[in-house]
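Reading through the structure tokens given below for one structure.
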Amino acid sequence: MTQVFDDKGAVSAVTVVTAEPMTVTQVKTTEKDGYQAVQVGSGTRKESRVSKPVRGHLKDIAPVRFIREFRLPGQGTTEAYERGAKIEVSSFAEGDIVAVSAISKGKGFQGVVKRHGFHGGPRSHGQKNKERAPGSIGGGGRAGGRVIKGMRMAGRMGGDRITIKNLKVMKVDPATNTLLISGAIPGRPGTLVEIRG
């Protein structure tokens, strides 16, 4: 992350995202596949590391590291895309509002204060080691002596697919294939992210 200044001198926190060119690997149509979507590939990979079925699927396209499919919203049409075409970072413009999805950082086993935002107990009146304890979970009569589904308790946190909406594209740099997106996005440095307009 870094920060940028606009024309009026206001500062904004931004995340720098490298958006390498993507290649259209397949165009799916309602007639042939039952739905409309565009399949794209990005990154590079040795041909020896690609399985034979994927190699046959790509045929005349250079081996790619990631393959993802994007359904077209509403009555979108696939006519604008053709197999082998490149989608570059220049398809975004400054001021665009985007949604970013990625796998969040894994945080391991965490307690209720960090995982769910519980406030914990009072820090006085003989409290020794209960400041971050979850307290009662009901039990007894309410749930028949069992823990009901969905009870917020300690457990494994992070490693989920998270989508952040309404982020603004602050700057587009086609020379270095980078985007500056306002605010923080999920994942660690190097995470594969999906940016949708």
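Only the coordinates and a few stated rules stand behind these numbers; no lab work does. Keep in mind it's a predicted model, so treat the numbers as computed, not measured. For neighbour counting, all protein chains shown are included, and Cβ atoms are generated from backbone atoms with ideal geometry for every residue, glycine included.
Annotations for the structure displayed:
- Of all the listed residues (Val4, Val16), the sole one being surrounded by 13 or more Cβ atoms within 10 Å (Cβ to Cβ), farther than 19 Å from Arg68 by Cβ, within 19 Å of the chain's Cα centre (by Cα) and touching a residue at least 60 places away in the same chain (Cβ under 8 Å) is Val16.
- Among the residues making up the range 29-60, those that are under 14 Å from Ile87 (Cα atoms) and out of contact with any Asp or Glu (no Cβ under 6 Å at 6 or more places or on another chain) are Val38, Val40, Gly41, Gly43.
- Taken over the range 1-54, the criterion of being in contact with a Phe, Trp or Tyr (Cβ under 9 Å, 6 or more places away or on another chain) and hydroxyl-bearing (Ser, Thr, Tyr) is satisfied by Ser12, Thr29, Ser42.
- Where a residue in the range 173-197 is without any contact (Cβ under 8 Å) to a residue 24 or more places away in the chain and its partner, wherever it lies, is in a loop (DSSP other than H, G, I, E, B), with Cβ under 6 Å and at least six apart: none
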